[in-house]
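J.: Following this message is one structure expressed as structure tokens.
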């Protein structure tokens, strides 16, 4: 979609990332002219899902990349056509829409074939056949429309025309030799010729010149089951036009069709276009319906997606394809990580415990009361990121915003926090990969690649059964992704400390930072609750002091 702004948190989203994106999108929709849509870059954690369910909120759409897609291009929105329409109608649509190719669909709107100008012209140049109406199984509606004709008599509601096309420009006695049962015969106003046509059991008699047909001939036609129509065109023009009444399905191409989906990346379809020589390609949406067609020249019309980043500002943590998008704003409470933009942007970075606190402040600064849902989600974000004010990152602003938001959401912070933490910290049924990636971020500090995962739990002892498998997973990840330090923090918000597991060639730097000895790659870090304030800054200081 071109006229929207996407609001996204970071990869491996936590509660603050998702809830702040939803709430900030609500604020932007109340104060802005464009539509803001929250998106996510990963699956919600159990804690986040609890918050979403509690306040009847839907998880944002999963959008793992912002690279330009076909849907971001201004392609031809020509409506697809039915396979039953005539060549004349298809040609008219092409001229009106100034296109050379039309997608053909079935009754469900799904792609059935492609018709091009060459398909239509070949009907005249390459495959002239006076039995073409019978072979194509054309309808009386197509014939009437093509010849601008009117019905004089129809033998049945949907008559069939099994014979060849004949022009009765001869004496009746000679015509008898050329007309066979079931033929389609074009004639003028001679009654003797018309009578001969009917006696020969033609399936359809086309009277050229808009001549009136006598009651006698009509009565005779009814007995012989010969349909009669009248056209204003002369015999020559009628004989030329009638071929255009065949259905487009008779000449359309149904083999080796190359089509693209609205979700396809532009960089991928470029390669396909380079290796094929078609004039245009059908575009299909997520429901398998044809929504238009695209040509090479449409590739220059791509428009960058517009995006607002919340709860992060480091490239390693953000959505893939950000280089193809336009960053409008960044709302964050972390360190500034060197994100570059092409234009000046609105960047709000505050030393508070949660991005949700900043978003709540912006609601009130604009004199706008957040909805109960948005207030509840912002409460969840603040409680989660500040660990209900146990985190050292907590500020008075966090406390003030949570109090105001709880009144709007109609919740008690202590009671709600207890329910949310209980739901979110259970590790049962999770794989070590799921546990590690619950809230995982990558940092580059002093040229060293460092990954830090933080998982809140109220049951450190229960993690013992995962320890060996987790260390194996971390060692494999360290080797395959070239980490200097890979750190997992199991944070107990009640005991106010974290059990740390570390791997990597520089893992001793972690022990030096916290003045602890790691035994079997693990150690307990009392009082350490915040990755942002108590882990990354001291590790940075240690590395810089080397």
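J.: All but one of (1) out of contact with any helix residue (DSSP H, G or I) (no Cβ under 7 Å at 6 or more places or on another chain); (2) more than 25 Å from residue 306 (Cα to Cα); (3) crowded, with 19+ Cβ neighbours inside 10 Å; (4) modelled with pLDDT of 95 or more hold for residue 439, so report the exception by its number.
T.: (4)
J.: May I ask you to list pairs of residues, at least six apart or on different chains, whose Cβ atoms are under 9 Å apart, with the first in region 398-414 being surrounded by fewer than 20 Cβ atoms within 10 Å (Cβ to Cβ) and the second being at pLDDT below 95 and part of a helix (DSSP H, G or I)?
T.: 399/386
J.: Taking the stated definitions as given, is residue 457 farther than 20 Å from residue 519 by Cα, more than 34 Å from the chain's Cα centre (by Cα), surrounded by 19 or more Cβ atoms within 10 Å (Cβ to Cβ) and assigned by TED's automatic domain parsing to the domain that holds residue 505?
T.: Judged against the criteria, residue 457 is a match.
J.: Just one of 140, 186 is closer than 26 Å to residue 90 by Cα, out of contact with any helix residue (DSSP H, G or I) (no Cβ under 8 Å at 6 or more places or on another chain) and touching a residue at least 40 places away in the same chain (Cβ under 8 Å); which is it?
T.: 140
J.: Working carefully through the options 402, 388, find the one that is modelled with pLDDT of 95 or more, farther than 16 Å from residue 27 by Cα and touching a helix residue (DSSP H, G or I) at 6+ places or on another chain (Cβ under 6 Å).
T.: Selected residue: 402, the only one of 402, 388 that is modelled with pLDDT of 95 or more, farther than 16 Å from residue 27 by Cα and touching a helix residue (DSSP H, G or I) at 6+ places or on another chain (Cβ under 6 Å).
J.: On to the next question. Please indicate, with yes or no, whether at least one residue in region 461-477 is over 25 Å from residue 545 (Cα atoms), outside any helix (DSSP H, G or I) and either at pLDDT below 95 or more than 39 Å from the chain's Cα centre (by Cα) (or both).
T.: So far as region 461-477 goes, no, none of its residues is over 25 Å from residue 545 (Cα atoms), outside any helix (DSSP H, G or I) and either at pLDDT below 95 or more than 39 Å from the chain's Cα centre (by Cα) (or both).
J.: Shifting gears a bit: Given the condition without any contact (Cβ under 8 Å) to a residue 60 or more places away in the chain and within 50 Å of the chain's Cα centre (by Cα), answer yes or no: does some residue in region 196-210 qualify?
T.: Within region 196-210, not a single residue is without any contact (Cβ under 8 Å) to a residue 60 or more places away in the chain and within 50 Å of the chain's Cα centre (by Cα).
J.: Somewhere in region 535-546, is a residue at pLDDT 95 or above, crowded, with 22+ Cβ neighbours inside 10 Å and in a helix (DSSP H, G or I)?
T.: yes
J.: OK, next. Quick one: is residue 503 surrounded by 17 or more Cβ atoms within 10 Å (Cβ to Cβ) and either farther than 18 Å from residue 430 by Cβ or at pLDDT below 95 (or both)?
T.: yes
J.: Also: If I ask for residues that are out of contact with any strand residue (DSSP E or B) (no Cβ under 9 Å at 6 or more places or on another chain), surrounded by fewer than 21 Cβ atoms within 10 Å (Cβ to Cβ) and farther than 30 Å from residue 339 by Cα, which ones from region 417-436 would you list?
T.: 418, 419, 422, 423, 426, 428, 429, 430, 431, 432 - these are the residues of region 417-436 that are out of contact with any strand residue (DSSP E or B) (no Cβ under 9 Å at 6 or more places or on another chain), surrounded by fewer than 21 Cβ atoms within 10 Å (Cβ to Cβ) and farther than 30 Å from residue 339 by Cα.
J.: Let me confirm something: among 66, 154, 62, which residue is at pLDDT 85 or above, surrounded by fewer than 18 Cβ atoms within 10 Å (Cβ to Cβ) and closer than 30 Å to residue 315 by Cβ?
T.: Answer to the selection: 62.
J.: Within region 287-306, is even one residue touching a residue at least 60 places away in the same chain (Cβ under 8 Å), within 30 Å of residue 532 (Cα to Cα) and surrounded by 14 or more Cβ atoms within 10 Å (Cβ to Cβ)?
T.: Yes, region 287-306 has at least one match.
The values are calculated or read from the model by the stated rules, or taken from the named source; none is laboratory data. Note that the coordinates shown come from a computational prediction; the quantities given were computed from them, not determined experimentally. Reconstructed Cβ throughout: ideal geometry from the backbone, glycine too, with neighbour counts over all protein chains shown.
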